[in-house]
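Notes follow once the structure below has been shown.
The values are calculated or read from the model by the stated rules, or taken from the named source; none is laboratory data. Please read these numbers as outputs of a predicted model, since none were measured by experiment. As a convention, Cβ positions derive from the backbone with ideal geometry for all residues, glycine included, and neighbour counts pool all protein chains shown. Heads up: the accessible areas ignore ligands, DNA and RNA and are worked out on the full protein's heavy atoms, side chains in. Shrake-Rupley method; radii C 1.70, N 1.55, O 1.52, S 1.80 Å.
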Amino acid sequence: MITPADIEYKEFTKAVRGYKEEEVDAFLDLIIIDMENLLRENKKLKADLEKVRNQMSQQASTETSVYETLEAAKSLMNDIAASAERRAETLLKNAEMEASLIKKEARESVAKLTEEGNRLRSQVDTLRSRYKRLLEEELERISYFGDDLFREFENEFMPASMTYESITEKSSSEEKNMKESRQDLSKTIVNLR
C-alpha cells in the first residue's frame with residue numbers, strides 16, 4: 001500500500017517535454033494531504049467499527065442473557081402456577097375430606113342422640129305405665145278393702161267413750177275424705193295419661 005511518505009519522497013525522471021515540476025509537486029502535496037486525511041478517517045472508522053462490533057457482541061450477549069432470563073422466568077411462572085394449582089387441589093380435597101368427616105360424625109351423633117332419646121322416651125313410657133298400674137292397683141285395693149279397713153281402724157283405735165253419733169259423723173266425714181282422696185288419685189292417673 002502506498003503511504004503519504006511514499007508519495008512525498010517519490011522522484012520522477014525528467015524528460016524533455018515533461019510536466020511542470022511545481023504543478024506536479026503542488027498536486028502531489030494535495031494528494032498527500034487527502035491521503036493522510038483518508039488514512040486517519042479509515043483508522044478512525046476501523047476503531048469505531050471495532051467499538052460497534054464490541055457493543056453489538058455485548059448487546060447480543062445481553063440480549064441472549066435477557067432472553068434466557070425471560071425463558072427461565074416463564075418456566076418458573078409455569079412451575080409456580082402448576083404448584084399453586086396442585087396445592088389448591090390438595091387443599092380442596094383435604095377440605096372436602098374434613099367436611100365429609102364432620103358430616104359423618106354429625107350423622108352418627110344425631111343417630112346416637114335419636115337412639116338415646118327413643119330409649120329415654122321408652123323408659124319414661126314404661127315408668128309412666130308402671131306408676132299408673134301401681135296407682136290403679138292401690139285405688140282398687142283401697143276401694144276393695146277401704147270400708148273394712150276403716151271399720152277395723154275405728155274399732156281398734158276409737159275410744160269407747162265416743163258415742164254412736166260422733167262415730168257416724170266421723171265415719172261420714174272419713175268417707176267424704178276417702179272419696180276426695182279417690183277423686184284426687186283418679187285425677188292424678190288421668191294427668192299421667
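Considering only residues in the stretch 42-93 that are open to solvent by less than 80 Å² (accessible area, probe 1.4 Å) and acidic (Asp, Glu), the one that is nearest to residue 4 (Cα to Cα) turns out to be 48.
So how many residues does the stretch 1-29 have that are part of a helix (DSSP H, G or I) and either exposed (fewer than 10 other Cβ atoms within 10 Å of the Cβ) or in contact with a strand residue (DSSP E or B) (Cβ under 8 Å, 6 or more places away or on another chain) (or both)? The total comes to 2.
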